[in-house]
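This report refers to the structure that appears directly beneath it.
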Amino acid sequence: MTHHFPTDFWWGAAASGPQTEGRSPNDSKGASIWDHWFKTNPEKFYQGQGPGQTTQVMTHYQEDLQCMEEIGFNSFRTSIQWSRLIPEGRGAVDQEAVAFYHRYFDELLARGIQPFVNLYHFDMPMALQNQGGWLNRETVTAFAEYAQVCFDLFGEKVSHWFTQNEPIVPVEMGYLYQQHYPAVVDLSMAVQVGYHEALASARAIQKFRRSACTGKIGIILNLTPTYPKDPQNPADQEAAVIADAFFNRSFLDPAVKGTFPQELVEIIDDLGMRPNTTETDLAVIRTNTVDLLGVNYYQPRRVQQKQSPKNGQHPMPEDYFDVYDWPDKKINPYRGWEIYEKGIYDTLINLRDNYDNIPCFISENGMGVENEGRFKNEAGIIEDDYRIQFIKDHLAYVHQAIEEGCHCLGYHMWAATDNWSWLNAFKNRYGFISIDLDTQQRTIKRSGYWFKEVIRENGFS
Ligand code: BGP
């Protein structure tokens, strides 16, 4: 075998609470920003499918987990929904939710699959959003309290915890590019939101360290390696350094090193947008860094020195660089994202060389494809050979990075089952396991059977 992976490598896939749980009539879940946004603006969601539908995991989790066991996963990541566990964001804990998450984690363990549990996947409880959400410092305290509740309730069953998934996304999509609620454009708010998320993550880690939990805690970041148009051109290089500081190092540095990148701090100071900080906050961030890093990798970022004038109306990160559209790029047309396999290797090498080779794993990587039903064979199995190729090409680079000393402990694909994707709802399907939304029937795709072989062999040729 040409690509053999280390013993005990984590093989599996990921999901999130808000993308799989859905709602049932009269359930006791509190609204999240997604429930609220769908109520006020259903037209924003692809084919009017909202977060109440999703894949009904609460009633179908056994079928999902049976398929995952059949594929041979040894680990699976999902998230607890804050607004399900604590409907008002603070205060009373919902006992139905507690019972459900216990059943879910028990079933995973019984099937030999380690639950990796994340606490925040873009799903602010609406009761807290009404008081400012991440703009409000009180939300940081509420998040630490929520984390404590989770550690106390489930700490004996869960050995791998994550504070947040892609914390840059609520910053950029909620406060710069209008794809998440509250969809405003305001860099100063974006900075405050990001700072509070970073602080909240550190405060949750502090709670973890003081709890009885014996496992590991980390964070999941979408790292987008940033490439200058012309690597020999210092102005393009500088543009790449700044874009990297905005979108990667803004969370990577505080999470792993306990500090914020100087380039970013200088820009924010120049703009007079330094968030409200205290010495105590900075000490909490400095001393509560992660044990483990989840790396979500989908696409690179390509930039060049500023060619166009600044937009002038309101400051934006793009005042410091221009996006470079590489004419030779390979693209996933359904999602519009570039496919660049070597980016996963460059990201791991960067962690090896500049982040003390922190233990990490690929926590998401995958390919969303529209109308996958057209690839169904007579047996009802989706023949997603493109996904097999995509994973193979990326895994080969992960393997190379490990051979070169990177401390990468596993590979989780996005996603385990097809699931609901924010504004895109069910447009693109990502899973190893397809779901017929009318019948809720789960069927393993060809990629799932291929992955089963990879897991069995602990590698591939
Ligand atoms: C990541 C998120 C996931 C998932 C995935 C695919 O950024 O962590 O929640 O949605 O991207 O993206 P999308 O669903 O937007 O196609």
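Taking 0.36 nm per residue of separation and subtracting the Cα-Cα distance, what length does fully extending Gln441 through Glu43 add?
Working: separation 398, 0.36 × 398 = 143.28 nm, distance 2.73 nm.
This chain segment gains 140.5 nm when fully extended.
If you plug each phi of the range 295-301 into the Karplus form 6.51 cos²θ - 1.76 cosθ + 1.60 with θ = phi - 60°, what whole-Hz ³J(HN,Hα) values come out, in order, with x for Gly and Pro?
10, 8, 10, 10, 8, x, 10
May I ask you to compute the full-extension gain from Leu109 to Asn276, defined as 0.36 nm times their residue separation minus their alpha-carbon distance, rounded to one decimal in nm? Mind showing how you got there, number by number?
Working: separation 167, 0.36 × 167 = 60.12 nm, distance 4.28 nm.
Working it through step by step, the gained length comes to 55.8 nm.
Quick one: Karplus J couplings for the range 410-417, per residue in order, coefficients 6.51, -1.76, 1.60, θ = phi - 60°, nearest Hz, x for Gly and Pro?
Using θ = phi - 60°, the values come out as x, 9, 10, 8, 9, 9, 5, 10 Hz.
Using the heavy atoms of the protein chains alone and a 1.4 angstrom probe, what is the accessible area of the range 34-155 per residue in square angstrom? Present the calculation step by step, with values, prior to reporting the outcome.
Values: 4430 Å² over 122 residues.
That works out to 36 Å² for each residue.
What are the residues whose amide H is under 5 Å from the amide H of Lys376, where those residues sit 5 or more places off or on another chain and H is modelled from the backbone?
Result for Lys376 returns Glu383.
Assuming R0 = 45 Å, can you tell me the calculated FRET efficiency for the pair Met1 and Arg210, based on Cβ-Cβ distance, to the nearest 0.05?
With R0 = 45 Å, the Cβ-Cβ based efficiency is 0.50.
Restricting to Cα pairs below 8 Å that are 6+ residues apart, what does the relative contact order work out to for the range 17-154? Please round to a whole percent.
After rounding, I find 30 percent.
Considering only C-alpha atoms, what is the centroid distance from the range 44-123 to the range 419-457, in Å?
So the separation of the two Cα centres works out to 16 Å.
How do the peptides 189-201, 253-265 rank, highest first, by the average count of neighbouring beta carbon atoms within 10 Å per residue? Spell out each step's value before the answer.
Values: 189-201: 25.0, 253-265: 18.8.
Answer by packing, highest mean first, reads 189-201, 253-265.
For a 30 Å ceiling on Cα separation, which of these pairs sit above it: Lys306/Lys330; Lys39/Lys427; Lys216/Lys376? Write out the running numbers ahead of the final one.
Numbers: Lys306/Lys330 24 Å; Lys39/Lys427 20 Å; Lys216/Lys376 40 Å.
From the list (Lys306/Lys330; Lys39/Lys427; Lys216/Lys376), the Cα-Cα distance tops 30 Å for Lys216/Lys376.
Distance from a point 7 Å along Cα→Cβ of Asp385 to each backbone N in the range 427-446: keep the residues under 12 Å and list them by number.
none
Given H placed on each backbone N at 1.01 Å, which residues far from Ala425 in sequence or on other chains put an amide H within less than 5 Å of it?
Excluding prolines and chain starts, which carry no amide H, the hits are Tyr46.
Leaving ligands, DNA and RNA out of it, report the carbon-plus-sulfur percent of the accessible area of the chain at a 1.4 Å probe.
For the chain, the apolar C and S fraction of the accessible surface comes to 47 percent.
The values are calculated or read from the model by the stated rules, or taken from the named source; none is laboratory data. None of these values were measured; they are calculated from a predicted model. Counting neighbours? That spans all protein chains shown, and the Cβs are built from the backbone with ideal geometry, glycine included. Just the protein is used for accessible areas: all its heavy atoms, side chains included, with ligands, DNA and RNA removed. Shrake-Rupley method; radii C 1.70, N 1.55, O 1.52, S 1.80 Å.
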